1. Anything in segment 85-114 that is in contact (Cβ under 8 Å) with a residue 24 or more places away in the chain and hydrophobic (A, V, I, L, M, F, W, C)? List them, or say none.
2. From 147, 160, 203, 178, grab the single residue that is touching a helix residue (DSSP H, G or I) at 6+ places or on another chain (Cβ under 7 Å), among the hydroxyl-bearing types (Ser, Thr, Tyr) and either outside any helix (DSSP H, G or I) or at positive phi (or both).
3. Could you list, in sequence order, all residues of segment 218-273 that are among the polar types (S, T, N, Q) and either surrounded by 11 or more Cβ atoms within 10 Å (Cβ to Cβ) or touching a Pro at 6+ places or on another chain (Cβ under 6 Å) (or both)?
4. Return the pairs, sorted by first residue and then second, in which the second residue is of a type in the set (Ser, Thr, Tyr), the first residue lies in segment 210-237 and is under 16 Å from residue 191 (Cβ atoms), the beta carbons are less than 8 Å apart, and the residues are 6+ apart or on different chains.
5. Check segment 255-266 and report whether any residue there is among the β-branched types (Val, Ile, Thr), over 27 Å from residue 133 (Cβ atoms), part of a loop (DSSP other than H, G, I, E, B) and assigned by TED's automatic domain parsing to the domain that holds residue 155.
Amino acid sequence: MPRGRALILAGALAASGCAPRIDSSSPEKMAATMQTVRDSLPEDQRQKFDEAVMAVALKDVTGASLVALAAQSPAQLPAEVSAKLNGKTALEVIAEAEAIAAERAAKQQAQALAETRAQALAEIKELETKRVSALAARVELAKFEVSRSRLRLVPRGYSSPQPVIEMSVKNGMSSAVSRAYFKGTVASPGRAVPWIKEDFSYSIDGGVEPGEVADWSVEPNRFSAWGKADVPLDAIFTVEVVRLDGPDGKVLYDSVFSDADAERLEKLKASFK
């Protein structure tokens, strides 16, 4: 019989109440009626029915019991488990199994969404804390004053020139500093886009104590943006302190909250708040 006609016939039998039903009143009847119900289906639906039987019977079984029972045939299932199948036709068992699968999928999706939301809210909190901390750090970092800054290119024979950053600083904070981090910008008046905008740092031998003044010469990588030779003469070099490490090498203040951080925060807040 063609599959389409067989399914139509099975549906008609189920609707009319004539479709065979499972009787789980005893192991013998369970085995016999299970076989009858299974044989009433088209051959290509029988595997689906077998899987549906176990899905319905074991719906509320968990843990080690689930593993043990899943290895048994439906006729060998305990009465309280096989009772879930009693009186059902093949199509009813399959329909209930599909409903169980849909419910389980919905719960898993809801759980995944809840976990994603929790992670996003935790990241939002972390980024907001970082932003507030960065704003507060700028107030303290302003006390570490850069009174003079100059960028020049020093010839190195036949090699490319070596960029040299010359700086004078004063530590106006109450703590010694072992390493300083900066953002340097080379820009021409009236131009919106700078020629160079790069980070650099300087590890201070012996540190710089509160109230001390120091003069430094920093030599960044000459093959980096600092080694560009096409910067016009009217360009101005400015330096911003973005982070300072204390005498123990740990961060004292860090004002870095990048454009990427800000963009990420706004996207998360738009999606999860």
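The values are calculated or read from the model by the stated rules, or taken from the named source; none is laboratory data. Please read all numbers here as calculations on a predicted model, not as lab measurements. Cβ coordinates were reconstructed from backbone atoms using ideal geometry, including for glycine residues, and neighbour counts include every protein chain displayed.
1. 85, 90, 91, 93, 94, 97, 100, 101 - these are the residues of segment 85-114 that are in contact (Cβ under 8 Å) with a residue 24 or more places away in the chain and hydrophobic (A, V, I, L, M, F, W, C).
2. Step by step, each of 147, 160, 203, 178 is checked, and only 160 is touching a helix residue (DSSP H, G or I) at 6+ places or on another chain (Cβ under 7 Å), among the hydroxyl-bearing types (Ser, Thr, Tyr) and either outside any helix (DSSP H, G or I) or at positive phi (or both).
3. 221, 224, 238, 255, 271
4. 232/188; 234/188; 235/188; 236/188; 237/149; 237/185
5. No: zero hits.
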